[in-house]
Amino acid sequence: QVQLVESGGGLVQAGGSLSLSCAASGNIFSRSVMGWYRQTPGNARTVVATINPVGTTNYVDSVKDRFTISRDNAKKMVYLEMNSLKPEDTAVYYCNLRDGTENYWGQGAQVTVSS
């Protein structure tokens with residue numbers, strides 16, 4: 001079975017930086033697409049960034065050139081480095097592992113960006 005445990009959320013001022021980490025258990029990490037999603041109250045969970053097993057990345061337009069997703073297959077870890085943060089980045093951030101049609105989620109990490 002797969003479990004995802006996130007760390008690194010917190011409070012930061014606009015223009016600052018914050019890093020998130022996600023540790024995966026199980027034996028399917030290396031073949032899985034990993035991603036970070038975010039959600040605010042009353043809204044749907046939306047994709048922020050994804051990274052495939054060989055390191056190809058995709059980003060939603062609003063975070064391009066500010067956020068970087070990366071992975072370490074040996075450690076079964078995925079990371080999100082967030083720079084030049086804006087108040088509109090405030091959300092709960094979720095780590096995601098996709099294996100075919102199955103999805104696994106981390107517990108969520110609150111990121112709050114103050115004005």
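The values are calculated or read from the model by the stated rules, or taken from the named source; none is laboratory data. Since the structure is predicted, the reported quantities are computational estimates derived from the model, not experimental observations. Note that we place each Cβ from the backbone using ideal geometry, even for glycine, and neighbour counts take in every protein chain shown. Ligands, DNA and RNA are stripped out before the accessible areas are found, and what is left, the full protein with its side chains, is counted by its heavy atoms. Shrake-Rupley method; radii C 1.70, N 1.55, O 1.52, S 1.80 Å.
Of the conditions (1) surrounded by 12 or more Cβ atoms within 10 Å (Cβ to Cβ); (2) over 14 Å from Ala109 (Cβ atoms), Leu11 clears all except one; give me its number.
The number of the failed condition is (2).
Would you please name the residue that is most open to solvent (accessible area, probe 1.4 Å), looking only at residues in region 64-88 that are free of Cβ contacts under 8 Å to residues at least 40 places away in the same chain and farther than 24 Å from Ala24 by Cα?
Asp65
Which residues, taken from region 24-33, are surrounded by 14 or more Cβ atoms within 10 Å (Cβ to Cβ), out of contact with any Asp or Glu (no Cβ under 8 Å at 6 or more places or on another chain) and of a type in the set (Gly, Ala, Ser)?
Ala24, Gly26
Of the residues that sit in region 54-63 and are open to solvent by 40 Å² or more (accessible area, probe 1.4 Å) and not small (Gly, Ala, Ser), which one is farthest from Asn96 (Cα to Cα)?
Asp61
In region 14-35, which residues are within 11 Å of the chain's Cα centre (by Cα) and within 13 Å of Gln110 (Cα to Cα)?
Ser19, Leu20, Ser21
Checking the conditions here, which among Val33, Val48 is within 18 Å of Thr112 (Cβ to Cβ), of a type in the set (Val, Ile, Thr) and in contact with a Lys or Arg (Cβ under 9 Å, 6 or more places away or on another chain)?
Val48
Taking the condition in a strand (DSSP E or B) and surrounded by fewer than 21 Cβ atoms within 10 Å (Cβ to Cβ), does Val5 pass?
Answer is yes for this residue.
For region 89-115, what are the residues that are in a loop (DSSP other than H, G, I, E, B), open to solvent by 50 Å² or more (accessible area, probe 1.4 Å) and either within 16 Å of Phe29 (Cβ to Cβ) or touching a residue at least 12 places away in the same chain (Cβ under 8 Å) (or both)?
Gly100, Gln107, Ser115
Go through region 46-63 and give me each residue that's in contact (Cβ under 8 Å) with a residue 24 or more places away in the chain and closer than 18 Å to Pro87 by Cβ.
Across region 46-63, the qualifying residues are Val48, Ser62, Val63.
Could you please let me know if Asn43 is out of contact with any Cys (no Cβ under 7 Å at 6 or more places or on another chain), open to solvent by less than 50 Å² (accessible area, probe 1.4 Å) and free of Cβ contacts under 8 Å to residues at least 24 places away in the same chain?
The answer is no for Asn43.
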